[in-house]
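**Student:** Mind having a look at this structure? Questions to follow.
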Amino acid sequence: MEYQILGIILLSFLSNFIIYIIYRSFIQRKLLNAIRMLEYYNSRLERVVSPKRKEKVYKKVSSEIKAYNSRLYKYSFVQSVLLIAFYMVDLFVLLTYFVVPVRFPYYVPYLTLKKDGQYYLNLGYLLVFILSFILFTPISLRRPKII
């Protein structure tokens, strides 16, 4: 029984780690490129002193700034959708193969059942999965650090 709970935790860790590998392989370079270009356009605007000239320069580069902002949002969205897709697949696997009772040391009304002198959480395996997925989510939803 404890090995199945460990399997649930390992399942959520591996899913988040796979998303991290996808991020490192494909998404990170594109995000960093978009951030660099946004920093370039920002520094270009900061160099202009005159307000009228700054407005003209901004009008020239505003479409590029919007395009790179859009890329940032798009790649962050792809990463989040990957997380949700993996979560749904893992949830299907969990509900199909890992339905195990989870013991709890105390009686909590409406949350635990008493069976054979021990307390079990109602849908405890689902609770373990959700908590472990939340625990490992920072691995999968990494973003590049802006220097």
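The values are calculated or read from the model by the stated rules, or taken from the named source; none is laboratory data. Just so we're clear, the structure is a prediction, and the values are computed from it rather than from any experiment. All Cβ positions, even for glycine, are placed from backbone atoms using ideal geometry, and neighbour counts span all protein chains on display. Heavy atoms of the whole protein, side chains included, go into the accessibility calculation; ligands, DNA and RNA do not. Shrake-Rupley method; radii C 1.70, N 1.55, O 1.52, S 1.80 Å.
**Student:** Tell me, what is the percent relative contact order of the chain, built from C-alpha pairs under 8 Å that lie six or more residues apart? Each step should come with its number before you reach the end.
**Tutor:** On the way: 125 pairs, mean separation 60.2, N = 147.
Value for the chain: 41 percent.
**Student:** State, to one decimal in nm, how far the label point of V61 lies from the label point of V49, with both points 7 Å from Cα in the Cβ direction.
**Tutor:** Spacing of the two 7 Å Cα→Cβ label points: 1.8 nm.
**Student:** Distances over 28 Å make up what percent of all Cα-Cα pairs in the chain?
**Tutor:** The calculated P(r) of the chain puts 45 percent of pairs beyond 28 Å.
**Student:** Just to confirm, what accessible area per residue do you get for the chain at 1.4 Å probe, in whole Å²?
**Tutor:** Value returned for the chain: 71 Å² of accessible area per residue.
**Student:** Right, another one. Keeping all protein chains in position, work out how much accessible area I5 exposes to a 1.4 Å probe, and write it in Å² to the nearest 10.
**Tutor:** It works out to around 40 Å².
**Student:** Continuing with the same structure: Using a probe of 1.4 angstrom, how much of the accessible area of the chain is carbon and sulfur, in percent?
**Tutor:** Answer for the chain is 66 percent, counting heavy atoms of protein chains only.
**Student:** Roughly how many whole Å is it from the C-alpha centroid of segment 106-138 to that of segment 22-54?
**Tutor:** 46 Å
**Student:** Within 10 Å, count the other beta carbons around each residue, average over each peptide in 52-59, 67-74, 6-13, and list them highest first. Let's see the in-between values first.
**Tutor:** Working: 52-59: 11.9, 67-74: 14.2, 6-13: 18.1.
Per-residue mean Cβ counts within 10 Å order the peptides as 6-13, 67-74, 52-59.
**Student:** What is the Cα radius of gyration of segment 40-101 over 2.2 N^0.38 Å, N being its residue count?
**Tutor:** Working: Rg = 22.4 Å, N = 62, 2.2 N^0.38 = 10.6 Å.
Taking N as the residue count of segment 40-101, the ratio is 2.12.
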